[in-house]
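Working notes, beginning with the structure itself.
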Amino acid sequence: MRPKLGVLLALAIVGGILPDPSALAILLAALSSGRVLLGLASVVVFSLGFAATLLVVGVVAAQVGQKILDWLSSIWAMRTQIATTLLILGMGVVLTVKAAYQVMGLAG
């Protein structure tokens, strides 16, 4: 889990550092009204929130992904795959038989 967490932290840091158009618009609006500190504080808070969101979404996605991989390696996933394969084959046979009867009806 440590390498994944390191990647997620790097993603959060990079995502928080990258200039966002909305954050730049807030900063420019604050600069134009003469409130430089308010603009800088808003951008810092905006970037920290974005980084935290990226980190949380990444951790949740990693946990959910691991649970899905565990389920896919279980016997139930194998049974589900076999059942859907048999269902598709059965429907193919039914449709083929119906089509054959229709072709025989048109020819005869």
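The values are calculated or read from the model by the stated rules, or taken from the named source; none is laboratory data. Keep in mind the model is a prediction, meaning the values are calculated, not measured. For neighbour counting, all protein chains shown are included, and Cβ atoms are generated from backbone atoms with ideal geometry for every residue, glycine included. Note: areas computed on protein heavy atoms with side chains; ligands, DNA, RNA excluded. Shrake-Rupley method; radii C 1.70, N 1.55, O 1.52, S 1.80 Å.
At a glance:
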item: Residue in segment 34-47 that is open to solvent by less than 50 Å² (accessible area, probe 1.4 Å), under 25 Å from the mean Cα position of the chain (by Cα) and among the polar types (S, T, N, Q) present; result: yes
item: Segment 35-50 residues that are within 9 Å of Ala23 (Cα to Cα) and modelled with pLDDT under 85, paired with ones that are part of a helix (DSSP H, G or I) and open to solvent by 100 Å² or more (accessible area, probe 1.4 Å) (beta carbon under 9 Å, 6 or more apart); result: Ser47/Ile17
item: Residue match in segment 72-85 (condition: touching a residue at least 24 places away in the same chain (Cβ under 8 Å) and in a helix (DSSP H, G or I)); result: no
item: Residues that are within 25 Å of Val7 (Cβ to Cβ) and in a helix (DSSP H, G or I), drawn from segment 19-42; result: Ala23
item: Segment 64-91: number of residues that are open to solvent by 90 Å² or more (accessible area, probe 1.4 Å) and among the polar types (S, T, N, Q); result: 2
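Per-residue answers, yes or no, for (1) more than 21 Å from Leu11 (Cβ to Cβ); (2) hydrophobic (A, V, I, L, M, F, W, C); (3) in contact with an Asp or Glu (Cβ under 9 Å, 6 or more places away or on another chain):
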| position | (1), (2), (3) |
| --- | --- |
| Leu54 | no, yes, no |
| Ala61 | no, yes, no |
| Val64 | no, yes, no |
| Ile68 | no, yes, no |
| Leu89 | yes, yes, no |
| Lys98 | yes, no, no |
